[in-house]
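The values are calculated or read from the model by the stated rules, or taken from the named source; none is laboratory data. In this text, all values refer to a predicted model and were calculated from it rather than measured experimentally. Here Cβ is always computed from backbone atoms with ideal geometry, including for glycine, and neighbour counts include all displayed protein chains.
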Amino acid sequence: MGRSTLSIFIHLSLIHGVLHASARNMLVILAPKHLPAMTTPPLPPHLKAIKHRGEFEYPIQVWYLNLSVLALATVINGACIAWTRLSPRFFSRGGSTPLDVVTVRRIPAALLTGWRVVAFRWRLPFADLVDASLFEAFVVCVYMAALLIWEFVHTNNLAPAFWSNRAAHIAAAQLPLMPALSAKNNVIGLLTGISHERLNVLHRAAGRCIYVLVWVHFWGRWKIGFYGPDDIPSLIWQQVGAVAGAAYTFIILLSLRPFRRWSYEIFYFTHVVMVFVFIISAYIHTTTPGFNYYIWPVWVVWGFERVVRGLRYLIINFILAPRSPTPSSASLSLITPDTLCVTLTRRMPLGWKPGQHAFLAFPRISSFPLESHPFSIANIPKRGSGSEQELMFMIRARDGVTGRMLRAAAARPNGSVSVQIDTPYGMPTDLAPYRTTILVAGGTGVSYTLPLLLDLIRRSADGKTRVKRIHFIWAVRSEAFLNWIAPYLRDAVSSCPVELNLEISLFVTDSSSDAGSIEEKRSVPELTADEDLEAGGRNSTKGSPVNPVLAGMSGLPNPAKGRPDVRRIITEEIAHGQGPVAVEVSGPGGLVDAARSSVSSFREVVNALKGGPTVNFHAEVFKY
């Protein structure tokens, strides 16, 4: 057993013991003293039947609802794919119908546009706590309402004897949903087309809904009283139930977004430990009354995903490892004083799609050996190089493992580091059906939009896409970053077919940046923030040319100085678009919000009714 694994088990044992003792003392104190030490009088047969149905049939009925929603989402996903790929004529402006005239033929496109605007582009106002679309919030509210309806319906005027244990049954029955929503290798995502990042939002929301039922169960038991057959001081299984509730409380509190952003590594460790404490305690708590069949499916779902991910990890890092003395080695190089490039080689027989990401683990740098972080793959597979491919990642250093990587790269330029990779993940938008594609990036967000650009140009040259125009927009603080990316952009321009209209707009937001200053700044690898990019259009300008022209930018348009007015750019592109438009954005929150706001008004619905193009918007943002 490894040292880190032994440490985790020791921590689990200590935490379980502390929680057990604390919960036991708390329940003894909270147990109502005014109630007599006697058992609850037996219920009449008809009420006993209602109670039995609530505790054993209602949890199954909630799962019927879950599966029905999953089936509906699968059908909608299939319909959307068919609509986009097989019916492009519904999106285009073609035909004899004049523009600015509302026709019945254009109603489906307008309805689709209105659905996209309201459901997915409008966000909750308190994004610092919860970053979710209105549709995600609606799904969570419906789920919570369904749980409460099944919890309190037919409870004999809300008598605790009817709903206290029912809450535990419904909550426990929903637990397998938690690992199913959080899994990286996700069957739900495969069926619905929802990426694991967005399903993770539902994972956290569902966990909090279940948490409400956990406390409803505790409140009901407290109202009835911990006495007779449920005597707390003498029953271990009851005390362990309190441990499970306490552990779940810690899970919920420590998973709030401010704490995750403060220290993801601490969140990750405490989350794993507390989840194990909760599941083990819940299993013990449900074994004595004979309900542990609610808990073991959690282990099955979680274990299946771990096995699949472990097999992927084994195949990619060992079976398909490159034939070299150091197969797990990756090269580190500084792009700017706070941005680095990680390059590694793996055999990838199936390749990857542009816009997908990988989970990278740095066992010799990370605080926890199993810790991994998602990063977009910044390049596309090379043709003619066989299955052995180079994967490139551009990483903005912050605290934690990326900060330690930056210091390692600064101390040893062009050095190497041991890396384990799990890839590919993500469900990027298929841009082939769209006539116009707008790619907007800020800083290292270019690692998402650059491969999309390169792939679209390649597929356009092969005649495998309908794209006729691409507008690539990139705002970056450092001129050195522009020089580093310039060769890839020149390749894109040189390989662009003549029938494809490609426009590249580059912006440098830091007027004091110096392309030649990177060597001088390497000795002080301080981390900085992209405050100037965060504005993303609130105080933006059209930009003025940077002078002099950057070294290495030959063959590309001169960068402009200032922030891009992404609202204006996107609005103008849509106004002149011929056919469906795709907007792909990756970068700081301010830039993403500015881009989203440009396609989030009902003006888009009116435009679609009048023959304007429909717009598909996607933002690639990793948030803890």
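Quick notes
- Of everything listed in (1) in contact (Cβ under 8 Å) with a residue 24 or more places away in the chain; (2) within 26 Å of Leu431 (Cα to Cα); (3) among the basic types (Lys, Arg), the single unmet condition for Arg346 is (2).
- Near pairs, Cβ below 7 angstrom, 6+ apart or cross-chain, from region 255-267 (assigned to a loop (DSSP other than H, G, I, E, B)) to any residue that is of a type outside the set (A, V, I, L, M, F, W, C): Ser255/Arg204; Ser255/His271
- Subset of region 478-501 (residues that are crowded, with 22+ Cβ neighbours inside 10 Å, modelled with pLDDT of 90 or more and more than 22 Å from Lys382 (Cα to Cα)): Phe481, Leu482
- Among the residues of region 129-180, the ones that are over 20 Å from Thr286 (Cβ atoms) and within 27 Å of the chain's Cα centre (by Cα) come to 18 in all.
- Residue that is modelled with the highest pLDDT [pool: residues in region 72-122 that are within 22 Å of the chain's Cα centre (by Cα) and charged (D, E, K, R)]: Arg121
- Extreme residue, nearest to Thr155 (Cα to Cα), among residues of region 34-50 that are at pLDDT 85 or above and surrounded by fewer than 10 Cβ atoms within 10 Å (Cβ to Cβ): His46
- Condition check for Leu111: of a type in the set (A, V, I, L, M, F, W, C) and either in contact with an Asp or Glu (Cβ under 8 Å, 6 or more places away or on another chain) or assigned by TED's automatic domain parsing to the domain that holds Tyr58 (or both): no
- Selection from region 435-459 of residues that are of a type in the set (Ser, Thr, Tyr) and either assigned to a strand (DSSP E or B) or in the same structural domain as Ile365 (by TED's automatic domain parsing) (or both): Thr436, Thr437
- Verdict on Ala183 being within 25 Å of the chain's Cα centre (by Cα) and of a type in the set (Gly, Ala, Ser): yes
- Whenever a residue of region 164-175 is charged (D, E, K, R), its partners that are part of a loop (DSSP other than H, G, I, E, B), lying with C-beta atoms within less than 8 angstrom and at least six residues away or across chains, give the pairs Arg166/Thr155.
- Verdict on Ile438 being in contact (Cβ under 8 Å) with a residue 12 or more places away in the chain, of a type in the set (A, V, I, L, M, F, W, C) and touching an Asp or Glu at 6+ places or on another chain (Cβ under 8 Å): yes
- Screening Lys184 on (1) assigned to a helix (DSSP H, G or I); (2) in the same structural domain as Ala73 (by TED's automatic domain parsing); (3) in contact (Cβ under 8 Å) with a residue 60 or more places away in the chain; (4) touching a helix residue (DSSP H, G or I) at 6+ places or on another chain (Cβ under 6 Å) shows it passes everything except condition (1).
- Unique residue being touching a helix residue (DSSP H, G or I) at 6+ places or on another chain (Cβ under 9 Å) and of a type outside the set (S, T, N, Q) when the list is Ala205, Ala145: Ala205
- Within region 460-477, the set of residues being out of contact with any helix residue (DSSP H, G or I) (no Cβ under 6 Å at 6 or more places or on another chain), buried (at least 21 other Cβ atoms within 10 Å of the Cβ) and either acidic (Asp, Glu) or assigned to a loop (DSSP other than H, G, I, E, B) (or both) comprises Arg477 only.
Okay, residues lined up against (1) touching a Gly at 6+ places or on another chain (Cβ under 8 Å); (2) within 19 Å of Glu390 (Cβ to Cβ); (3) of a type in the set (A, V, I, L, M); (4) surrounded by 15 or more Cβ atoms within 10 Å (Cβ to Cβ):
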position	(1), (2), (3), (4)
Ile280	no, no, yes, yes
Phe291	no, no, no, yes
Tyr294	no, no, no, yes
Val301	no, no, yes, yes
Pro325	no, yes, no, no
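- Among the residues of region 581-624, those identified as at pLDDT 90 or above, in a loop (DSSP other than H, G, I, E, B) and among the hydroxyl-bearing types (Ser, Thr, Tyr) are Ser598, Ser600.
- Taken over region 560-579, the residue count meeting the criterion of being surrounded by 15 or more Cβ atoms within 10 Å (Cβ to Cβ) and at pLDDT below 90 is 2.
- Ser505, sole failed condition from (1) small (Gly, Ala, Ser); (2) modelled with pLDDT under 90; (3) not in a helix (DSSP H, G or I): (2)
- First in region 390-408 and over 30 Å from Leu350 (Cβ atoms), second anywhere and among the aliphatic types (A, V, I, L, M) and part of a strand (DSSP E or B), Cβ under 8 Å, 6 or more apart: Ala397/Leu340; Leu406/Leu334; Leu406/Leu340; Ala408/Leu332; Ala408/Val417
- Of everything in region 40-63 that is assigned to a helix (DSSP H, G or I) and without any contact (Cβ under 8 Å) to a residue 60 or more places away in the chain, the residue that is nearest to Trp163 (Cα to Cα) is His52.
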